[in-house]
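Reviewing the structure listed below.
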């Protein structure tokens, strides 16, 4: 193996198509290990997105070259286990997989340390299985039977490939529990990086609530819209894109802004009286970004929100994904006062510098321990 002070590192990710939370983790890993090589099933980043990953181009799989891969690579999900196993990472000392679908399935050998940063076990094969089948209208028929058989195969492969990982890191305690339930493996929790320094507290809030989400079913934008339809005296700004049929539920007190670039998003997060979120998130980076602006959060009280929002201090948590529950939370919020400085301090717990320090210390510690084992020679 290489010199213990300068290990040769590979970073394996599923796909590079948009910048979301998992891609930000990859960006931080590459900033921490600038000499690392990057692998991804597909890489369709443009020049602007590529800045996040240090200008690197990933070594891609055969899926990159399949028909319609740029727009429909997710349709090749049944081929993804095979594709990730074709990556040759045998020459690396440390393999770091950034996993929410198949990345942890990369093949390694006994002289390599494989650390998996798990954003979540494959959601549509496990926790969201029945919801996925309903939304895709795959509950019955020949297509449904194929989908169920394919997802059954993916679950078997997903569990089996967990044995290829030496150390699991989870992005929240919520996901650590899921890792334990699905893979029967313990995971160390290291929260993902949030660029807190790019946001500034704003004590002068405008008289509107803000929601930011993709228009997909599990984000529960419909719950937010239905709640504000019953609160016509309260203004809501909605940032996002996706299935526009959901916007039929928007009433006059809702301003649909659509997708916004970062500077505009930051301005809205800073000036809103509260940030509203109804999804059950694994972690929820935007909830922390809002708090970095000193903006309180009104969020569904399950998942990562319970670890990032302090109920009664930095926001309000509600107990059901229903308009009624959200309305009660808004009413409770309006009877309370919040300190923007305290909200900001809570967000600083998740700063990117904290992530970099913790993930590097973890990998260094595990590598040193690995080097002491008989196989590491």
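The values are calculated or read from the model by the stated rules, or taken from the named source; none is laboratory data. Worth saying up front: this structure is predicted, and the values here are computed from it rather than measured. Backbone-built Cβ (ideal geometry, glycine too); neighbour counts: all protein chains shown.
The residues listed here are 153, 174, 183; of these, the one that is farther than 26 Å from residue 309 by Cβ and crowded, with 17+ Cβ neighbours inside 10 Å is 183.
Starting from residues that are part of a helix (DSSP H, G or I) and under 15 Å from the mean Cα position of the chain (by Cα), keep the ones in region 212-222 and report whichever is surrounded by the fewest Cβ atoms within 10 Å (Cβ to Cβ). The qualifying residue surrounded by the fewest Cβ atoms within 10 Å (Cβ to Cβ) is 218. Tell me, please, whether a residue that is touching a helix residue (DSSP H, G or I) at 6+ places or on another chain (Cβ under 8 Å) and surrounded by fewer than 18 Cβ atoms within 10 Å (Cβ to Cβ) can be found in region 115-122. No, every residue in region 115-122 fails to be touching a helix residue (DSSP H, G or I) at 6+ places or on another chain (Cβ under 8 Å) and surrounded by fewer than 18 Cβ atoms within 10 Å (Cβ to Cβ).
Of all residues in region 15-38, those that are outside any helix (DSSP H, G or I) and surrounded by fewer than 23 Cβ atoms within 10 Å (Cβ to Cβ) total 10.
Annotation note: of 258, 284, the sole residue that is on the phi > 0 side of the Ramachandran plot, touching a helix residue (DSSP H, G or I) at 6+ places or on another chain (Cβ under 8 Å) and modelled with pLDDT under 95 is 284.
Residues of region 49-71 that are over 20 Å from the mean Cα position of the chain (by Cα), surrounded by fewer than 16 Cβ atoms within 10 Å (Cβ to Cβ) and assigned to a helix (DSSP H, G or I): 62, 65, 70, 71. Residue 161: in contact (Cβ under 8 Å) with a residue 12 or more places away in the chain and over 19 Å from the mean Cα position of the chain (by Cα), yes or no? Answer is yes for this residue. Residue-level analysis places residue 343 among those that are in contact with a helix residue (DSSP H, G or I) (Cβ under 6 Å, 6 or more places away or on another chain), farther than 21 Å from residue 120 by Cα and in contact (Cβ under 8 Å) with a residue 12 or more places away in the chain.
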